[in-house]
Amino acid sequence: MTVAPSPEAVRLARRLRELRESQKLTQKDLSRALSSDFRVAVATISSWESQSNPKLPPEERLRSYALLFAKPGVPEGPARLPREQDLTAAERERFNALHRELVGLRDGVRQQATPSPVGGSYTFDFESGPITLICPEAPEDGRSPLAEQDNPNYTRLYRYADLDALIEMWGHVRASNPEIRARHHLPSEVNADHLSGHLILLGGIAWNQVTGRLLRVLDQLPIRQMAVTDLADGEIFRSRDGREYRPLWEELKYVDPDAPSKAELEEIQAQDAWKGETPRELVEDVALLARLRNPFNHSRTITICNGVYSRGVLGAVRTLTDDAVRERNEAYLANTFPGGIFGLLLRVPVINGEAITPDLEIPENRLYEWSPEEEDE
């Protein structure tokens, strides 16, 4: 069954079309003009103007509309987006009035829509931006030489840890939000402006100082990541009730052709050169996936994707990006956490070194679940 759009949505769509036609612009002309500010596809403009199924444009794009149409009349050449400081007094007055009008129409649409506590509560599809991904910086002794700025082949991404998770998340966020500004930064590069938008935090507390700081600010989340003496290269999770969640290791069962023979092993042990370490592999990591209100701007969100190891970080990310299970996982979150605020500890199986995306419909994959609604009961 197709649901008819609200009168408010149709009114905004009609107004956007009127503005375009007032300057005799095609949707392609408008796309080119707006793209000087931020790329806008023709199909996107068409969806904003649709009378039967209008899409809500981001607030940032409405400012561009107001700026473009602040100059009345048909442009002599190709339409171009002017700079605000270049407007005349009369044009600036029209710009401000038009901007207020369009934002007011958009607010009317949102007020009539089903209220959602936070935008994109169960997805990475946001109504507005900016969006900032914060990814930890790899320790210096683990970096490629190309991470050094004095290297002629310097590549900034080599400074990042959890690159698999960053690339997965970055591609998904850009594809889901083509009209919204999105950036990725190292923790040392983060400033106050970054913290006021939607935040996506990748990686554990050891290499991402921002995650550690925000976890202390977000006291409502009853999950902490902490270092322990028996795990030198990762941090475990502990829930408020004191329960610990650790990765699972397994001794290797296969015979390594390069491993010493029994006789050779006995000789090595006799020479006191054998450390007695049994080869093992990671078979299960633990991931944290949480969506909370941004404490610096409650109209925006913080998404935390952590793991004891990098496979857990990637598993948390892919819970909402993997085409194979994303829709089911989104449906589970929507049904289980209607308020849009949640925290999950997840089991991330690792097979042949590859993280397997958690399916939230499988109870064994959900190690711990929390929402503020539960605490209010």
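Across segment 34-45, the qualifying residues are those that are open to solvent by less than 60 Å² (accessible area, probe 1.4 Å) and out of contact with any helix residue (DSSP H, G or I) (no Cβ under 6 Å at 6 or more places or on another chain), and the one among them that is modelled with the lowest pLDDT is 38.
Being buried (at least 18 other Cβ atoms within 10 Å of the Cβ), outside any helix (DSSP H, G or I) and either without any contact (Cβ under 8 Å) to a residue 12 or more places away in the chain or not acidic (Asp, Glu) (or both), is that true of even one residue in segment 90-100? Spell out how you get there, then give the answer.
Filtering segment 90-100 for residues buried (at least 18 other Cβ atoms within 10 Å of the Cβ) gives 95, 98-99.
Now drop any that are not outside any helix (DSSP H, G or I), which leaves none.
Checked segment 90-100: no residue is buried (at least 18 other Cβ atoms within 10 Å of the Cβ), outside any helix (DSSP H, G or I) and either without any contact (Cβ under 8 Å) to a residue 12 or more places away in the chain or not acidic (Asp, Glu) (or both).
Can you tell me which of 221, 292, 288 is open to solvent by less than 20 Å² (accessible area, probe 1.4 Å), at pLDDT 70 or above, assigned to a loop (DSSP other than H, G, I, E, B) and under 30 Å from residue 189 (Cβ atoms)? Result of the check over 221, 292, 288: 221. Residues in segment 333-377 that are aliphatic (A, V, I, L, M), open to solvent by 30 Å² or more (accessible area, probe 1.4 Å) and in contact with a Pro (Cβ under 7 Å, 6 or more places away or on another chain): 1 in all.
The requirement of being surrounded by 13 or more Cβ atoms within 10 Å (Cβ to Cβ) and at pLDDT 90 or above is fulfilled somewhere in segment 105-120, by at least one residue. Counting the residues of segment 8-30 that are free of Cβ contacts under 8 Å to residues at least 60 places away in the same chain and either surrounded by fewer than 16 Cβ atoms within 10 Å (Cβ to Cβ) or farther than 19 Å from residue 55 by Cα (or both) gives 10.
Yes or no, residue by residue, for (1) modelled with pLDDT of 90 or more; (2) of a type outside the set (Lys, Arg); (3) touching a strand residue (DSSP E or B) at 6+ places or on another chain (Cβ under 7 Å):
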site: 150; (1), (2), (3): no, yes, no
site: 183; (1), (2), (3): yes, no, yes
site: 193; (1), (2), (3): no, yes, no
site: 199; (1), (2), (3): yes, yes, yes
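When only residues in segment 56-80 that are in a loop (DSSP other than H, G, I, E, B) and surrounded by 16 or more Cβ atoms within 10 Å (Cβ to Cβ) count, which is modelled with the lowest pLDDT? Filtering segment 56-80 for residues that are in a loop (DSSP other than H, G, I, E, B) and surrounded by 16 or more Cβ atoms within 10 Å (Cβ to Cβ), the one modelled with the lowest pLDDT comes out as 58. So if I check each of 302, 236, which one is under 26 Å from residue 357 (Cβ atoms), under 17 Å from the mean Cα position of the chain (by Cα) and modelled with pLDDT of 75 or more? When all the criteria are applied, what remains is 302. Every condition in (1) open to solvent by 60 Å² or more (accessible area, probe 1.4 Å); (2) modelled with pLDDT under 90 holds for residue 330 except the one numbered (1).
For segment 127-173, a tally of residues being over 16 Å from the mean Cα position of the chain (by Cα) and open to solvent by 30 Å² or more (accessible area, probe 1.4 Å) returns 21.
What number of residues within segment 232-251 satisfy the criterion of being under 15 Å from residue 282 (Cα atoms) and open to solvent by less than 70 Å² (accessible area, probe 1.4 Å)? Before you say what the answer is, go through the steps one by one.
If we filter segment 232-251 for residues that are under 15 Å from residue 282 (Cα atoms), which is where we start, we get 232-236, 245-251.
Now drop any that are not open to solvent by less than 70 Å² (accessible area, probe 1.4 Å), which leaves 234-236, 245, 247.
Count: 5.
Does residue 229 satisfy the criteria of being polar (S, T, N, Q), at pLDDT below 90 and open to solvent by 50 Å² or more (accessible area, probe 1.4 Å)? Write out each step before concluding.
On the way: polar (S, T, N, Q): yes; at pLDDT below 90: yes; open to solvent by 50 Å² or more (accessible area, probe 1.4 Å): yes.
Criteria met by residue 229.
The values are calculated or read from the model by the stated rules, or taken from the named source; none is laboratory data. Bear in mind the structure is a predicted one, so any value in this text is a computation, not a measurement. Ideal geometry is used to build each Cβ from the backbone, glycine not excepted, and the neighbour counts take in all protein chains shown. Keep in mind that these areas ignore ligands, DNA and RNA; they rest on the heavy atoms of the full protein, side chains included. Shrake-Rupley method; radii C 1.70, N 1.55, O 1.52, S 1.80 Å.
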